[in-house]
Amino acid sequence: LTLETDLRRAIERDELVLHYQPQLDTLTGKVVGAEALMRWEHPEHGLVPPFKFIPLAEEIGLIGALGEWGLAEACRQMVALQAEGIELPKVSVNVSALQFNRRFIERVAQVLRETGLRPSRLELELTEGIMMDGTPSTIEALDSLIDLGVKLSIDDFGTGYSSLSYLSRFPLDELKIDRSFVVAMDKSSNDASLVLAIIAMARSMKLDLVAEGVEDREQYRFLRQHGASVSQGYMFSKPLPMDEMKPLLAPGHFRDQLQQLESGS
Ligand code: C2E
Ligand code: MG
Ligand code: MG
């Protein structure tokens, strides 16, 4: 109950922060994007992870406000990065199904206008639930986002109850292979097959692909070998405050690590 009261005040008290996790193209060594992940700096409980407050925010009707704050903050920080001359092609922002409505779409347009961020530098991570909703208002919202020119990614791809038909209905940009598949890949041949199928599908549909939760060399090798070159995981970096991520964006930052991985040392 107190957490609920506290969360209602978190935005005005400036207690929310975004951490960023780079997405590395291991073929080129370039950081191709970063995912913005929200944290709550609670004055007494310290850093609260999203699994503890995002569901709460959804439950008490605060997810819209939290989501709007995160969207605006990510866009502001992207523009600030550009002004510093630091290269980051795009930022990904998570969107909850419960915040996905007309008001949110209007906010996206407004934030892009106000910050001047190029729409193609903003990617929204949607869930399969949003894609499957099928109501006219959701379809209209998706079409508006596409018209705005922002990129659309499907988070946790393959974990929801969904048909694949939305993949041909909407011009998407990216699929994210869920961490649960990546984790299970080397223990279960079914999971490995699923990952291969997702890779093949993304390739033939010309979708970008990001593998989530890459932690070790075996996972890295398997994915690389089968053509999934973009990695987001602890292997390369945990999510970090913007200031701590900046050095990782320097050209060549990951070169030695990638070379070592290739040479097998
Ligand atoms: P997600 O969008 O699927 O984000 C990926 C999660 O996997 C992040 O957890 C990230 O820290 C974690 N992760 C990445 N690489 C590794 C790895 O190698 N090993 C392990 N064990 N974990 C890894 P995080 O930051 O705790 O976020 C959890 C979920 O909370 C996110 O899952 C997303 O669904 C939600 N979330 C976070 N920020 C926001 C937000 O601003 N808005 C909304 N609506 N949801 C958010
Ligand atoms: Mg995500
Ligand atoms: Mg995910």
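The values are calculated or read from the model by the stated rules, or taken from the named source; none is laboratory data. All values derive from a computational prediction rather than experimental measurement. Note that we place each Cβ from the backbone using ideal geometry, even for glycine, and neighbour counts take in every protein chain shown. With ligands, DNA and RNA removed, areas are computed over all heavy atoms of the protein, side chains included. Shrake-Rupley method; radii C 1.70, N 1.55, O 1.52, S 1.80 Å.
Computed values, structure above
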| item | result |
| --- | --- |
| Residue within segment 1-15 that is under 27 Å from Leu175 (Cα atoms) and over 15 Å from the mean Cα position of the chain (by Cα) present | no |
| Subset of segment 222-265 [outside any loop (DSSP other than H, G, I, E, B), more than 11 Å from Val31 (Cα to Cα) and within 16 Å of ligand 3 (Cβ to nearest atom)] | Leu223 |
| Top-ranked residue of segment 198-211 - restricted to ones that are within 21 Å of the chain's Cα centre (by Cα) and more than 11 Å from Ala228 (Cβ to Cβ), ranked as nearest to ligand 1 (Cβ to nearest atom) | Leu207 |
| Segment 31-74, residues that are in contact with a strand residue (DSSP E or B) (Cβ under 9 Å, 6 or more places away or on another chain) and part of a loop (DSSP other than H, G, I, E, B) | Pro49 |
| Sole residue being within 16 Å of ligand 3 (Cβ to nearest atom), under 25 Å from Leu258 (Cβ atoms) and open to solvent by 30 Å² or more (accessible area, probe 1.4 Å), chosen from Leu37, Leu27 | Leu37 |
| Yes/no for Arg179 being closer than 28 Å to Glu215 by Cβ, within 20 Å of the chain's Cα centre (by Cα) and open to solvent by 50 Å² or more (accessible area, probe 1.4 Å) | yes |
| Residue in segment 206-221 that is surrounded by the most Cβ atoms within 10 Å (Cβ to Cβ), counting only those that are closer than 18 Å to Ala184 by Cβ and more than 16 Å from ligand 3 (Cβ to nearest atom) | Tyr220 |
| Residue identified as touching a Gly at 6+ places or on another chain (Cβ under 8 Å) and more than 17 Å from Pro241 (Cα to Cα) among Ala65, Ala97 | Ala97 |
| Leu88 vs. criteria farther than 25 Å from Asp143 by Cβ, of a type in the set (A, V, I, L, M) and touching a residue at least 12 places away in the same chain (Cβ under 8 Å) | yes |
| Lone qualifier among Leu98, Leu81 - being part of a helix (DSSP H, G or I) and touching a Leu at 6+ places or on another chain (Cβ under 6 Å) | Leu81 |
| Unmet criterion (only one of (1) within 16 Å of ligand 3 (Cβ to nearest atom); (2) crowded, with 18+ Cβ neighbours inside 10 Å; (3) over 19 Å from the mean Cα position of the chain (by Cα); (4) more than 28 Å from Gln257 (Cα to Cα)) for Met185 | (4) |
| Leading residue by the ranking (most open to solvent (accessible area, probe 1.4 Å)) among those in segment 42-70 that are of a type in the set (A, V, I, L, M, F, W, C) and within 15 Å of ligand 2 (Cβ to nearest atom) | Phe51 |
| Residue list for segment 110-158, restricted to those being open to solvent by 40 Å² or more (accessible area, probe 1.4 Å) and assigned to a strand (DSSP E or B) | Lys151, Asp156 |
